[in-house]
Structures are given as C-alpha cells and as structure tokens.
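*Asks:* Right, I'll just put the structure down here and ask away after.
Readers should treat all values here as calculations from the given coordinates under stated rules, not as data from a laboratory. Predicted model, so just to flag it, every value in this text is computed and none were measured. Virtual Cβ from ideal backbone geometry, glycine too; neighbours counted across all protein chains shown.
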Amino acid sequence: MDFVSRFFAPRYGINEDPVAGSAHCALTPYWAGKPNKTKLSAKQVSKRTGYIECELKGNRVFLSGRAVKYMEGKIRF
C-alpha cells in the first residue's frame, strides 16, 4: 500500500465518504512525487473500506478497482 486516506465533508452532508474517487484524483499527483512512482496502490479507510489502483499519466489520473454503481446520467451538448 502506497498511501491511505479518509474523506469527510460534513458541511455538505457527507459525514464520511466510503471511497472517494474524486479525492484520489487529487491525492495521486501529490503522493506520486513522494516515492517518485506513477502507479500507486491506495486504501480508503472507512466503514466500507476500499482499495484503489491509481496511475498518473501526464496530467491525468486513472483509477481502477471494484466499484458500486450509484448513479447514471447523460450529458447533452
């Protein structure tokens, strides 16, 4: 495991997010610079606990792991 995290946003009604992909998009570039790696293994320590594989490619972050679908939508231009 390269890094662990927790995510809280009580002001927005989120006491603790079970596994936050958006948070890991910000955490990955930060932690990638510490061990000088582009592929990192992360764990979000919450009640549900989640494991995320994070990869930094240029200015993009790619996340993979098991997921639970909670929303579906369409974007129209």
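*Asks:* Quick check on the chain: helices-only [θ] at 222 nm, where DSSP H runs of length 4 and up contribute -39,500 (n - 2.57) each and the sum goes over total residues. Nearest 500, please. It would help to have the intermediate numbers written out before the result.
*Replies:* Details: 1 runs with 12 residues, N = 77.
-5000 deg cm²/dmol, from helical runs alone.
*Asks:* Additional query: Identify all lysines with a Cα-Cα distance to Lys39 below 17 Å; exclude those on the same chain that are fewer than 8 residues away in sequence.
*Replies:* Lys57
*Asks:* Less than 18 Å apart at the alpha-carbon level, and either on another chain or at least 8 residues along: which aspartates and glutamates does that give for Lys34?
*Replies:* Counting by Cα, and skipping residues close in sequence, Lys34 has these aspartates and glutamates nearby: Asp2, Glu53, Glu55.
*Asks:* Give me the extension gain from Tyr51 to Ile14: residue separation times 0.36 nm, minus the current Cα-Cα distance, reported in nm with one decimal.
*Replies:* Extra length from Tyr51 to Ile14 when fully extended: 11.3 nm.
*Asks:* Loop-only check: which trypsin sites (Lys or Arg not before Pro) in the chain are DSSP coil with at most 13 other Cβ within 10 angstrom?
*Replies:* Here the trypsin sites (Lys or Arg not before Pro) that fit, given the DSSP loop and packing criteria, are Arg6, Lys47, Arg48, Arg66, Lys69, Lys74, Arg76.
*Asks:* For region 3-64, max minus min Cα coordinate along each principal axis, in Å, sorted largest first?
*Replies:* 34, 19, 19
*Asks:* How do Tyr51, Tyr12 rank when sorted from fewest to most other Cβ atoms within 10 Å of their own Cβ?
*Replies:* Lowest count first: Tyr12, Tyr51.
*Asks:* Another question, if that's okay. Dipole magnitude of the chain about its Cα centre, charges +1 at Lys/Arg Cβ and -1 at Asp/Glu Cβ only, in debye to the nearest 20?
*Replies:* Rounded to the nearest 20 debye, it is 120 debye.
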